[in-house]
Amino acid sequence: MGYYVNPKNETKEQFLNKHGIRFSGTWKDVPEDSLPVILIDNGIFTAAGIAYQESEFKVFTDPFDSRPKEVFIVPIEKLKEVSDLSFYVK
């Protein structure tokens, strides 16, 4: 199922614009203290999926998936505040 950004007091987009940096690199370019978050436009709603491992990153950024997407790099500590990622230790 994966892990997603779900802030309580702002939208996913507001959270990502405040705490994220737009990213166009590969998994190897991800800073050690951060993770990629992929904002996916599903038409009637958006989802912000956390790529907590390389295989998740590949699924979320699949070039054959035509949905509009933006990738952000977000510090892990910030992600723990707005997701079920509290277990994650890098």
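For the range 70-86, which positions are under 14 Å from residue 38 (Cβ atoms), outside any helix (DSSP H, G or I), touching a helix residue (DSSP H, G or I) at 6+ places or on another chain (Cβ under 7 Å) and not aromatic (Phe, Trp, Tyr)?
74
Within the range 1-53, count every residue that is touching a Ser or Thr at 6+ places or on another chain (Cβ under 6 Å) and part of a loop (DSSP other than H, G, I, E, B).
Summing the residues that are touching a Ser or Thr at 6+ places or on another chain (Cβ under 6 Å) and part of a loop (DSSP other than H, G, I, E, B) in the range 1-53 gives 1.
Has the range 12-30 got any residue that is touching a strand residue (DSSP E or B) at 6+ places or on another chain (Cβ under 9 Å), closer than 20 Å to residue 62 by Cβ, modelled with pLDDT of 95 or more and β-branched (Val, Ile, Thr)?
yes
Within the range 60-76, take every residue that is of a type outside the set (D, E, K, R) and over 12 Å from the mean Cα position of the chain (by Cα) and give me the one that is surrounded by the most Cβ atoms within 10 Å (Cβ to Cβ).
Here the residue is 68.
Could you list, ordered by first residue, the pairs with Cβ atoms under 7 Å in which the first is in the range 33-56 and under 12 Å from residue 3 (Cα atoms) and of a type in the set (D, E, K, R) and the second is modelled with pLDDT under 95 and outside any strand (DSSP E or B), at least 6 apart or interchain?
56/2
Identify, please: which residue in the range 17-32 is in contact (Cβ under 8 Å) with a residue 24 or more places away in the chain and touching an Asp or Glu at 6+ places or on another chain (Cβ under 8 Å) and is, among those, farthest from residue 69 (Cα to Cα)?
Applying the filter and picking the extreme gives 27.
The values are calculated or read from the model by the stated rules, or taken from the named source; none is laboratory data. Note that the coordinates shown come from a computational prediction; the quantities given were computed from them, not determined experimentally. Note that each Cβ is placed from the backbone with ideal geometry, even for glycine, and that neighbours are counted across all protein chains shown.
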